[in-house]
Every structure is written in structure tokens, then in C-alpha cells.
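Trainee: This is the structure I want to talk about, given as C-alpha cells.
The values are calculated or read from the model by the stated rules, or taken from the named source; none is laboratory data. Here the structure is a predicted model, which is why all the values come from computation and not from measurement. We place every Cβ from the backbone using ideal geometry, glycine too, and count neighbours over all the protein chains shown. Protein only, heavy atoms only, side chains kept; ligands, DNA and RNA dropped before computing areas. Shrake-Rupley method; radii C 1.70, N 1.55, O 1.52, S 1.80 Å.
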Amino acid sequence: DDAFYRNDVSHISLPKSLVTIEDAFYGSTLKSISIPGNVKTIDAAAFHGCSYLESIVFEPSEEPLEFYVDSGHELSPFYNSNLRYIKIDRDVVMTSEDDITLLNGGGLFHQRLKTEKTIVILGDNVTKISKGMFRNLGISDITIPNSVKSIGTLAFAECDNLTDITIPSSVESISPNAFYNCTSLSKVDFQASDKPLEIGYQVAGDRIEEAIYAPN
């Protein structure tokens, strides 16, 4: 905790032996970082307020990485960072004691990035896109690899710059509100598959909230 709290560090190399990152870089001037594949957990405020942080790489691993989220205080590991380049080559899962849907930003969100272009690259070790992961990011283009089997609730919600997306044949399920309020999304290409695709929905009040939904 607080190892580099509001420190002027701009770059850092993390050892391969590292397994957890606590609230270490809160408010620092870090510009880029690569997370080794051995890291298993990242705490809720690990990179919170790192407004200079533009680039993050999650190195390959077959083991999932856990983001701890504090929904009550709007804290996720990279909340209020300035991410423009995100490369992920492992499964990332957000866990919280509260209802994670209360987190308005999402796992990799910055309040200024909703209209800014964000590059996201997913590697072949990614098998699922977890709940709320890219919510509110300014993604305009993303390729979902054939390794992905599921897309979670609110995974791409409110990604206003997203105009089209291809769902590969490997995807077996899309959860409710996965593309909620993607107001520019006009084309979804479901690639051919011999297996059925389960698209979830839930009833909220007097309306049905579907996996792919925009109010207009």
C-alpha cells in the first residue's frame, strides 16, 4: 500500500515474481506499465488517479487476473487514469463485495475518455470479456479473438464511439446489457457457427433489457 503514492515515477519494470499489486501507485505520474503474467490480483485503488497513465499491457497468462472493485466508493484499479492503449492477453475478472453494476465507469474507465479514442487489443488467451470491463471507454474499433466464449453484462456499455462489431463463432453467450446504450452501434456481424448463441435479457420494471440495446 502507498509504495509510490503520488510519486513522480514515470516508468517502472515489475519483476516476473510479482503476484499482487496493492494500492501502490495511487495518484502517481506513471505513464506506462506492463503487468507480468504471474500477477493474480490488483487492488481497487492500485492506479486510481494516475491521470498520466496512457498505456497498459497485461502480459500473457493462462491464469485469470482479478481486479478488486469498491463500487460504493467508485474505485476500480485504473479508474481516473488516462488510458489510450490497452493490450490484454489473459482473462481479467472484476470482483466486488457490492453490486458491480453500481460502478458507473467500468474497470478501465477515465471520465475524459468517453469521447477519446482508445485502442484495445485482445490476445488469444482471452476467453471471456467480463462484466463492465470496457464500460464507458472510447473504443471505436476492437477485434474479439476466436478464443472468446462469453461477453459479460455491461462489458461494452456506453461505448459511444463503437460503430460496428463482429461476434466470432466461438462466442456462446452474451449477457444482458453487454452493449447497453452504445448509441453509435449500427452493425453487428454474428459469424456462422454450428452452435447456438445465447443472448441474455432481463426484465427491469416494465421493459426488457437486452444484450444489445440503444435507446434510439
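Trainee: Select from segment 94-123 the residues that are exposed (fewer than 15 other Cβ atoms within 10 Å of the Cβ) and under 25 Å from G200 (Cβ atoms) and write down the one among them that is modelled with the highest pLDDT.
Mentor: Selected residue: T95.
Trainee: Please work out which one of (1) modelled with pLDDT under 90; (2) surrounded by 15 or more Cβ atoms within 10 Å (Cβ to Cβ) is the condition I144 fails and give its number.
Mentor: If we test I144 against (1) modelled with pLDDT under 90; (2) surrounded by 15 or more Cβ atoms within 10 Å (Cβ to Cβ), just (1) comes out false.
Trainee: Return yes or no: is L83 modelled with pLDDT under 80 and of a type in the set (A, V, I, L, M)?
Mentor: In short, no.
Trainee: Of all residues in segment 1-25, count the ones that are touching a residue at least 24 places away in the same chain (Cβ under 8 Å), open to solvent by less than 70 Å² (accessible area, probe 1.4 Å) and not hydrophobic (A, V, I, L, M, F, W, C).
Mentor: 2
Trainee: Continuing with the same structure: Could you count how many residues in segment 150-172 are open to solvent by 10 Å² or more (accessible area, probe 1.4 Å), at pLDDT 95 or above and touching a strand residue (DSSP E or B) at 6+ places or on another chain (Cβ under 6 Å)?
Mentor: Within segment 150-172, residues that are open to solvent by 10 Å² or more (accessible area, probe 1.4 Å), at pLDDT 95 or above and touching a strand residue (DSSP E or B) at 6+ places or on another chain (Cβ under 6 Å) number 2.
Trainee: What tally of residues in segment 39-64 results from selecting those that are buried (at least 19 other Cβ atoms within 10 Å of the Cβ) and not in a loop (DSSP other than H, G, I, E, B)?
Mentor: 3
Trainee: Let me ask you something else. Condition first: modelled with pLDDT of 90 or more and among the hydroxyl-bearing types (S, T, Y). Now tell me which residues in segment 6-26 satisfy that.
Mentor: The answer is S13, S17, T20.
Trainee: Anything in segment 181-205 that is of a type in the set (A, V, I, L, M) and not in a loop (DSSP other than H, G, I, E, B)? List them, or say none. Before you say what the answer is, go through the steps one by one.
Mentor: Residues of segment 181-205 that are of a type in the set (A, V, I, L, M), as a first pass: 185, 188, 192, 197, 199, 203-204.
Within segment 181-205, V188, I199, V203, A204 qualify.
Trainee: From (1) open to solvent by less than 60 Å² (accessible area, probe 1.4 Å); (2) over 15 Å from K128 (Cα atoms); (3) modelled with pLDDT under 90, pick out the condition that doesn't hold for Y201.
Mentor: (1)
Trainee: Could I ask something else about it? Do we have A178 as surrounded by fewer than 18 Cβ atoms within 10 Å (Cβ to Cβ) and either in a loop (DSSP other than H, G, I, E, B) or among the hydrophobic types (A, V, I, L, M, F, W, C) (or both) here?
Mentor: no
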